[in-house]
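A.B. asks: I have a structure I would like to understand better, so I am pasting it below and will then ask my questions one at a time.
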């Protein structure tokens, strides 16, 4: 049981987390749509917002205000580091002093690549998002040397042999083609280093620009290069769902 000095009414905790008004949250509890630490909640329950695992309709609700979830649009030429000992431009240069918590990047992008990076201080979720067994899909927009023959997508979906083993994409789509340049969208759940670049090299169409546009359910959207934003409650819940963390 939570200590008396840290426990609050469940509906107040839910309302503070952005689920809805207190009255609406009371209704969710009354309708047995809320669980706390694995059991169905009831009106009158008190919880410790910092430690309780709360779900509404099976989706995780983050009530610990110390947990931070951020999307960053990493520009080209920036290293995926928060403490680079070589003095290069790094992720921390864009976050500056906006966070008291120490954040960690979920995976990385090489310096020549750009686009979506997730940062958090939730080590458990970060580990799952990066672990190959959870197969979190990542989507990229790649500018490659063209023109592209029609069978490139089929080859990549069937799998190509790389020096460290076979690799294949989940989906491949031609976005645009102008002369000797083509833009393609590639989705895969591989996490090996430079995997998109190496696969495109293998089929004879090197990447000249690479932008990651999505990690699992989180999309880059119109976030400007170097900009960041906090993930919404719905986006965080979608990340937990993607790694199978459901009530």
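A.B. asks: Given the structure, is residue 103 more than 21 Å from residue 210 (Cβ to Cβ) and in contact with a strand residue (DSSP E or B) (Cβ under 8 Å, 6 or more places away or on another chain)?
C.D. replies: For residue 103, the condition - more than 21 Å from residue 210 (Cβ to Cβ) and in contact with a strand residue (DSSP E or B) (Cβ under 8 Å, 6 or more places away or on another chain) - is met.
A.B. asks: Would you call residue 162 over 22 Å from residue 221 (Cα atoms), more than 14 Å from the chain's Cα centre (by Cα) and in contact (Cβ under 8 Å) with a residue 12 or more places away in the chain?
C.D. replies: Yes, satisfied.
A.B. asks: Still on this model: Filter region 106-129 down to the residues that are more than 10 Å from the chain's Cα centre (by Cα) and assigned to a strand (DSSP E or B) and list them by number.
C.D. replies: Scanning region 106-129 gives 114, 115.
A.B. asks: Here is a follow-up. Among strands (runs of 3 or more DSSP E) lying entirely in region 130-203, which contain 3 or more residues that are surrounded by fewer than 14 Cβ atoms within 10 Å (Cβ to Cβ) and in contact with a strand residue (DSSP E or B) (Cβ under 8 Å, 6 or more places away or on another chain)?
C.D. replies: Output list reads 171-178.
A.B. asks: Looking only at residues that are part of a loop (DSSP other than H, G, I, E, B) and farther than 30 Å from residue 147 by Cα in region 224-245, which one is modelled with the lowest pLDDT?
C.D. replies: The selected residue is 245.
A.B. asks: Next up: I need a count of the residues in region 208-222 that are in contact with a strand residue (DSSP E or B) (Cβ under 7 Å, 6 or more places away or on another chain) and either at pLDDT below 95 or closer than 23 Å to residue 65 by Cβ (or both).
C.D. replies: Residues flagged as in contact with a strand residue (DSSP E or B) (Cβ under 7 Å, 6 or more places away or on another chain) and either at pLDDT below 95 or closer than 23 Å to residue 65 by Cβ (or both) within region 208-222 amount to 1.
The values are calculated or read from the model by the stated rules, or taken from the named source; none is laboratory data. Values in this document were obtained by computation on a predicted structure and should not be read as measured data. In this analysis, Cβ positions are derived from the backbone assuming ideal geometry, glycine residues included, and neighbour counts consider all displayed protein chains.
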